[in-house]
Amino acid sequence: MKYSARTRSTMIKCFKLALAHLPDTIGYDGGHHRSPYICDTINRTTGYHRSSDAVTDFIAERIEHKFSIEAWLKDQSEEIAEAVRYDADYNNGKKLQAYRKAWLQSLITEFEA
């Protein structure tokens, strides 16, 4: 889909805000619970408005309308699903969060091009 320069700029800002505020782990972070989800983080950092809705709609399309990247990953193969479950259960989701951050960085790169 083609986006206007203004829309692309807004999307890049939302991606960068989410990247800056996304926690490194799932669960509690320094005694505070921050959502590990990209769309929650976008809404929390940008507020709920039309531009953030467009960004979260775009993300939903990219992950085939799954609940989260975690759910999308688990649908890719049983091997990936097992690795994601292991990371969540025994590594506090550090690899999953690193994947989310890398994915956001790739979206930033894509939209800046």
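Summary of values
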| item | result |
| --- | --- |
| Any chance residue 44 is exposed (fewer than 11 other Cβ atoms within 10 Å of the Cβ) and part of a helix (DSSP H, G or I) | no |
| Which listed residue is surrounded by fewer than 18 Cβ atoms within 10 Å (Cβ to Cβ) and modelled with pLDDT of 95 or more, from 70, 64 | 64 |
| Boolean, residue 70 is touching a residue at least 24 places away in the same chain (Cβ under 8 Å), among the acidic types (Asp, Glu) and part of a helix (DSSP H, G or I) | yes |
| Evaluation of residue 40 against (1) free of Cβ contacts under 8 Å to residues at least 60 places away in the same chain; (2) under 12 Å from the mean Cα position of the chain (by Cα); (3) under 17 Å from residue 106 (Cβ atoms) (one fails), failing number | (3) |
| Single match in 52, 77 (criterion: in contact (Cβ under 8 Å) with a residue 24 or more places away in the chain and either crowded, with 17+ Cβ neighbours inside 10 Å or among the hydroxyl-bearing types (Ser, Thr, Tyr) (or both)) | 52 |
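The values are calculated or read from the model by the stated rules, or taken from the named source; none is laboratory data. Source: prediction; values computed, not measured. Here Cβ is always computed from backbone atoms with ideal geometry, including for glycine, and neighbour counts include all displayed protein chains.
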